[in-house]
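A short write-up of the structure that comes next.
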Amino acid sequence: MFGIVFIIIVAAVDPRSTGWDLLGEAALDFAILGLGATGSVFDNPKMSQAFPGANATLAAISVIAVNLVFAAVIVFIRASQARKSTRFTGFSSILSLFLGVLGVGFTASTLVWAYMHV
């Protein structure tokens, strides 16, 4: 549900993006959202209980590293499209969107894991 609202917001902000380009642009926004959410997720007291001591820092850095890899792949796909002066294809936009949503999901899954195990 939130994903659909997020894509509608992207469409409203950048009316030049249509079709597959819209999903490609939203993918990078999802990746940034996943990175930004990591700080608030690991600020939760349940996270310190689930990952005691320095483990919370190590887990947060690991989540950020995985999200950065996802974001790097999305940026690489976007940059290759820009270098070729082409638009996003169905495959590239779906792959990008999948990686962006996976980044948000990976961040959220650590919080879910903490609540299930504490």
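The values are calculated or read from the model by the stated rules, or taken from the named source; none is laboratory data. Only a predicted model underlies this, so the values are computations on that prediction, with no experimental measurement involved. Note that each Cβ is placed from the backbone with ideal geometry, even for glycine, and that neighbours are counted across all protein chains shown. When the accessible area is computed, the model is the full protein with side chains, heavy atoms only, and any ligands, DNA or RNA have been set aside. Shrake-Rupley method; radii C 1.70, N 1.55, O 1.52, S 1.80 Å.
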Response to the item:
Taking the dipole of the chain about the Cα centre (Lys, Arg +1; Asp, Glu -1; charges at Cβ), the one of G24, F42, T107 that reaches farthest to the positive side is G24
Worksheet item: How many percent of the accessible area of the chain is carbon or sulfur, using a 1.4 Å probe?
Response: 74 percent
Worksheet item: Which of the peptides 100-110, 38-48 is most tightly packed, and how do the rest follow, judged by the mean count of other Cβ atoms within 10 Å per residue?
Response: 100-110, 38-48
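Can you give the helix-only mean residue ellipticity at 222 nm for the chain, where every DSSP H stretch with n ≥ 4 adds -39500 (n - 2.57) and the sum goes over all residues, rounded to the nearest 500 deg cm²/dmol?
Numbers: 5 runs with 99 residues, N = 118.
Here the helix-only value at 222 nm equals -29000 deg cm²/dmol.
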Worksheet entry | Options (1) 2, 11, 15, 17, 15, 14, 11, 6, 4, 3, 2, 1, 0, 0; (2) 2, 12, 20, 20, 16, 11, 8, 6, 3, 1, 0; (3) 2, 13, 22, 23, 16, 11, 7, 4, 2, 0 - which one matches P(r) over Cα pairs in 5 Å bins from 0, in percent as calculated here | (2)
Discussion item. To the nearest 20 Debye, how big is the dipole of the chain about its Cα centre, given +1 on the beta carbon of each Lys and Arg and -1 on that of each Asp and Glu?
Written reply: 260 debye
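Are there any trypsin sites (Lys or Arg not before Pro) in segment 62-96 that are in a DSSP loop and have at most 15 other Cβ atoms within 10 Å? List them by number.
Details: sites: R78, R83, K84, R87; in loops: K84, R87.
Passing both the DSSP loop test and the Cβ count: K84, R87.
How much accessible area per residue does segment 57-108 have, counting only protein heavy atoms and a probe of 1.4 Å, in square angstrom?
Details: 2950 Å² over 52 residues.
On a per-residue basis, 57 Å².
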Worksheet item: Along the positive direction of the dipole of the chain (beta-carbon charges: Lys, Arg +1; Asp, Glu -1; about the Cα centre), which of Q81, V118, F6 reaches farthest?
Response: Q81
